[in-house]
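*Asks:* Submitted below is the structure of interest, expressed as structure tokens.
The values are calculated or read from the model by the stated rules, or taken from the named source; none is laboratory data. From a predicted model like this one, the values you see are computed outputs, not experimental measurements. Don't worry about glycine lacking a Cβ; one is built from the backbone with ideal geometry, like all the others, and counts go over all protein chains shown. The protein model used for the area step is the full one, side chains on, heavy atoms only, and it has no ligands, DNA or RNA in it. Shrake-Rupley method; radii C 1.70, N 1.55, O 1.52, S 1.80 Å.
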Amino acid sequence: MGSGESAKQRVIVALDVPDKESAIALVDRLEDVTFFKVGLELFTSTGPKILEILKSKQKRIFLDLKFDDIPNTVAGACRSAARYGVDLLTIHATCGREALKAATEAAHQGAGQVGVKPPKLIAITLLTSISSRQLAFDLKIPLELPEYALEMALMAQESGLDGVVCSPQEVAQLRQTCGDNFLLVCPGVRPTWADIGDQKRSLTPFQAISAGADYLVIGRPITTAADPELAWKRICEELSAIA
Ligand SMILES: O=C(O)c1cc(=O)[nH]c(=O)n1[C@@H]1O[C@H](COP(=O)(O)O)[C@@H](O)[C@H]1O
């Protein structure tokens, strides 16, 4: 996965929409997109039905449910989610080492039980909507933000996860420390022409891939654009200089 693929295969479009019909309309409009993310909003609305629909259209799936619970519970959730045969699955690094290990084992078990490929399990290091100031003052974490993100990534790597979700601003440091075989997935990506919204640690698509991201997750700059296909094409053009 990742760097061997063409630029446009490395952009995952976040389907943050309220229902199945809106999701299908976007998927059908964005016919060149190969990889979609189903997150909390859409999955809570549709359940696994949307995953079957995406599979029937030969799309790759990032199931972003951001599990965050005690080891037994996240393991159970990962075992169940892995049976869907998705490509990527998320858990929060803040679950801790024991939970991350249990989740990894359970994801393999779940996939094995139904004979599908296990998902790449990736941990959220620190949400891209959190600033250094919020980390210090709201979350009371007494570390510099890049150091905190790195610690979360190292814990995920030591626990056997396949990679992490990180902001583009930390991806170069994580790539250097975690090596080429650790999957680095970056949301919080903004082309210069798009609104930043609630994202706090952003870079452009070109900058994020150049810094070492395997995949970019991009939602609103495409999905809420007046012309989503055009927005997608502009992002692909920006990236075409790289791959
Ligand atoms: O796990 C994620 O995908 C994720 C982690 C994170 O730290 N920040 C983040 O924005 N995301 C997701 O990435 C997508 C970003 O969407 P836009 O901000 O609309 O491009 C959303 O679906 C978020 O849920």
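*Asks:* With respect to residue 43, determine if the residue is closer than 23 Å to residue 240 by Cα and of a type in the set (Phe, Trp, Tyr).
*Replies:* Answer is no for this residue.
*Asks:* Of all the residues that make up the stretch 79-99, how many are assigned to a helix (DSSP H, G or I), open to solvent by 50 Å² or more (accessible area, probe 1.4 Å) and out of contact with any Asp or Glu (no Cβ under 8 Å at 6 or more places or on another chain)? Give the derivation first.
*Replies:* Looking only at the stretch 79-99, we keep the residues that are assigned to a helix (DSSP H, G or I), and these are 79-82, 93-95, 97-99.
The next check asks that each one be open to solvent by 50 Å² or more (accessible area, probe 1.4 Å); those that pass are 79-80, 94, 97-98.
Narrowing the set further to residues that are out of contact with any Asp or Glu (no Cβ under 8 Å at 6 or more places or on another chain) leaves 79-80, 98.
Residues meeting the conditions: 3.
*Asks:* Still on this model: Mind checking which residues of the stretch 126-145 are buried (at least 18 other Cβ atoms within 10 Å of the Cβ) and outside any loop (DSSP other than H, G, I, E, B)?
*Replies:* Selection gives 135, 145.
*Asks:* Further question: If you scan the stretch 164-177, which residues turn out to be in a helix (DSSP H, G or I) and within 15 Å of the chain's Cα centre (by Cα)? Before the answer, list the steps.
*Replies:* So the first thing to find is which residues in the stretch 164-177 are in a helix (DSSP H, G or I), and the list is 171-177.
The one that is in a helix (DSSP H, G or I) and within 15 Å of the chain's Cα centre (by Cα): 171.
*Asks:* Oh, and also: Being modelled with pLDDT under 95, more than 17 Å from residue 124 (Cα to Cα) and either within 16 Å of the ligand (Cβ to nearest atom) or out of contact with any Leu (no Cβ under 6 Å at 6 or more places or on another chain) (or both): is that true of residue 240 here? Spell out how you get there, then give the answer.
*Replies:* Working: modelled with pLDDT under 95: yes; more than 17 Å from residue 124 (Cα to Cα): yes; either within 16 Å of the ligand (Cβ to nearest atom) or out of contact with any Leu (no Cβ under 6 Å at 6 or more places or on another chain) (or both): yes.
Yes.
*Asks:* Which one of 121, 89, 127, 139 is within 13 Å of the ligand (Cβ to nearest atom) and free of Cβ contacts under 8 Å to residues at least 12 places away in the same chain? Step through it out loud before you land on a result.
*Replies:* Numbers: 121 fails: free of Cβ contacts under 8 Å to residues at least 12 places away in the same chain; 89 fails: free of Cβ contacts under 8 Å to residues at least 12 places away in the same chain; 139 fails: within 13 Å of the ligand (Cβ to nearest atom).
Only one candidate passes the filter, namely 127.
*Asks:* Could you list, in sequence order, the residues of the stretch 200-224 that are touching a residue at least 24 places away in the same chain (Cβ under 8 Å), within 11 Å of the ligand (Cβ to nearest atom) and not in a helix (DSSP H, G or I)?
*Replies:* Applying the first criterion (touching a residue at least 24 places away in the same chain (Cβ under 8 Å)) to the stretch 200-224 yields 200-223.
Subsequent filtering for residues that are within 11 Å of the ligand (Cβ to nearest atom) retains 200-202, 205, 215-223.
Result: 200, 201, 202, 215, 216, 217, 218, 219.
*Asks:* Name the residues in the stretch 178-199 that are within 11 Å of the ligand (Cβ to nearest atom) and either within 14 Å of the chain's Cα centre (by Cα) or of a type in the set (Val, Ile, Thr) (or both), would you?
*Replies:* First pass over the stretch 178-199, keeping only residues within 11 Å of the ligand (Cβ to nearest atom): 185-191, 194-199.
Across the stretch 178-199, the qualifying residues are 185, 186, 187, 188, 189, 196.
*Asks:* Can you confirm whether the stretch 156-166 contains a residue that is within 12 Å of the ligand (Cβ to nearest atom), buried (at least 22 other Cβ atoms within 10 Å of the Cβ) and more than 13 Å from residue 217 (Cα to Cα)?
*Replies:* Going residue by residue through the stretch 156-166, those that are within 12 Å of the ligand (Cβ to nearest atom) are 163-166.
In the following step, the residues that additionally are buried (at least 22 other Cβ atoms within 10 Å of the Cβ) were identified as 163-166.
Among the residues that remain, those that are also more than 13 Å from residue 217 (Cα to Cα) are: 163.
Yes: the stretch 156-166 contains one or more residues that are within 12 Å of the ligand (Cβ to nearest atom), buried (at least 22 other Cβ atoms within 10 Å of the Cβ) and more than 13 Å from residue 217 (Cα to Cα).
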